[in-house]
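Comments concern the structure below.
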Amino acid sequence: MITRNRTTKLLVAVASFSLVAAACGSDTNDSAPASDAPAAADAPMTTEMAEEMADGPFGPACDAVPTEGAGSFAGMTDDTAATAASNNPLLSTLVTAVTEAGLVDTLNSDGPFTIFAPTNDAFAAIPAADLDAVLADKELLTSILTYHVVAGESLDAAALGEVGSAETVNGAMLEFGADGTTVNGVDVLCSNVVTANATVHIIGEVLMPPAAEMEEDAGSDMEEGAMLEPSGPLCSAVPADGQGSFAGMTDDTAATAASNNPVLSTLVQAVVAAGLVDTLNSDGPFTIFAPANPAFEALPAGTLDAVLADTDLLTSILTLHVVAGEKLSSADLAELDSVTTVNGADIALEVADDGTLMVNGQASVGCADIQTANATVHVIDAVLMP
């Protein structure tokens, strides 16, 4: 059966909050709730608000920023964004997240940037397991963090109100209220925090990229907060612990992960014979349909030996099982009619009446959504033939 667990909103919240570390170097555990934020987007800017903007940082959460030292408003003006965060002892977890995403040097570069930083209230609401999951998924973490950054401009609240919208480093757009104190309808709780290379706006909620919103909608029937886990009848044959377990395989690239899993020993033999080990251990990402040992045993007598002895044929068959450039979950695959493989040929996808994902009409997915360091693997019960 195909299953997909919906964690997008929690994952987005965790990863996006990490941006505070790279952005403003402020801790806002005591920040005011969003209801205490500045006026709504459609409210006209008052003279008092304009004066506040000119004077520097303003908003209900600004009181939580240290009043002196490198992490204060004055101190942060001397340092670039990521360094400003590292000088604040209350932001060690956030600095770790930015480091995991590999964004420290980027956010310490010349810029200029405009950064929208969710408060610590968002962080405190996220289960530790979800935070760990995001930190382990660099692609997801980077995508979400960059949705909170506008490059090439350092826009204060007044400027945000004037431009109305801006494209983020993620590639998606952000919309601003008329007075610059809302972004995508979310209140800015502390505007106009200045670092040496950025203007930071601390916000009361996490901004979700459009792609994440679409994914959440698609998985709306799944349990809120559940983690994506391997599923299907063949999963029971996977070791419960060690390097060949689901947890162990997340640390290794695809070929290495398979070599540690006794369920895939024949596939590993074939990959070695075809000289594809280094390819499947490269950066990827890949989506791999991995025949289990019984799939090879079901081949006619003598077929496997003949194929193993013919490198060209073996390579053609194995590459029919690999999609390059994407890590596609079972839910992603269920929405597609076909995918193009490294072989160059397309394989058809279909969901059977019982919910089983069928591949090329030849195999069913018996254990879906196994994660390795560079691939999503779906164990299948038959060998796909070109």
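The values are calculated or read from the model by the stated rules, or taken from the named source; none is laboratory data. No experiment lies behind these values; they were computed from the predicted model shown. We place every Cβ from the backbone using ideal geometry, glycine too, and count neighbours over all the protein chains shown.
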task: Return only the number of the condition from (1) buried (at least 20 other Cβ atoms within 10 Å of the Cβ); (2) of a type in the set (A, V, I, L, M); (3) modelled with pLDDT of 70 or more that LEU94 does not satisfy.
output: (3)
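Of the residues ALA334, ALA348, ALA274, ALA309, which single one is small (Gly, Ala, Ser), more than 18 Å from ILE380 (Cα to Cα) and surrounded by fewer than 20 Cβ atoms within 10 Å (Cβ to Cβ)?
None of the others qualify; the one that does is ALA309.
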- line: Per the list (1) touching a helix residue (DSSP H, G or I) at 6+ places or on another chain (Cβ under 8 Å); (2) surrounded by fewer than 17 Cβ atoms within 10 Å (Cβ to Cβ); (3) assigned by TED's automatic domain parsing to the domain that holds SER282, residue check on MET358 breaks on (1)
query: Looking at region 243-274, which of its residues are assigned to a loop (DSSP other than H, G, I, E, B), without any contact (Cβ under 8 Å) to a residue 40 or more places away in the chain and not polar (S, T, N, Q)?
result: GLY244
message: Being within 19 Å of THR256 (Cα to Cα) and among the aromatic types (Phe, Trp, Tyr) narrows it down to one residue among PHE289, PHE296; which is it?
response: PHE289
query: Out of the residues in region 159-174 that are of a type outside the set (Gly, Ala, Ser) and surrounded by fewer than 17 Cβ atoms within 10 Å (Cβ to Cβ), which is farthest from THR146 (Cα to Cα)?
result: GLU162
message: Please pick out the residue among LEU328, LEU314, LEU357 that is touching a residue at least 12 places away in the same chain (Cβ under 8 Å) and touching an Asp or Glu at 6+ places or on another chain (Cβ under 9 Å).
response: LEU357
- prompt: Applying the selection to region 275-290, what residues are of a type in the set (A, V, I, L, M, F, W, C) and either in contact with a Leu (Cβ under 8 Å, 6 or more places away or on another chain) or not in a helix (DSSP H, G or I) (or both)?
  reply: LEU276, PHE286, ILE288, PHE289, ALA290
Answer from VAL383, VAL379, VAL339, VAL365 - the residue that is surrounded by 15 or more Cβ atoms within 10 Å (Cβ to Cβ), β-branched (Val, Ile, Thr) and over 25 Å from THR250 (Cβ atoms): VAL383
field: Flag if MET214 is closer than 18 Å to LEU328 by Cα, in a loop (DSSP other than H, G, I, E, B) and modelled with pLDDT under 50
entry: no
query: Quick one: which of VAL268, VAL359 is β-branched (Val, Ile, Thr) and touching a Ser or Thr at 6+ places or on another chain (Cβ under 6 Å)?
result: VAL268
field: Single condition ALA290 does not satisfy, out of (1) surrounded by 14 or more Cβ atoms within 10 Å (Cβ to Cβ); (2) out of contact with any helix residue (DSSP H, G or I) (no Cβ under 6 Å at 6 or more places or on another chain)
entry: (2)
- prompt: Looking at this structure, is ALA74 more than 17 Å from ILE115 (Cβ to Cβ), of a type outside the set (S, T, N, Q), at pLDDT below 50 and surrounded by fewer than 17 Cβ atoms within 10 Å (Cβ to Cβ)?
  reply: no
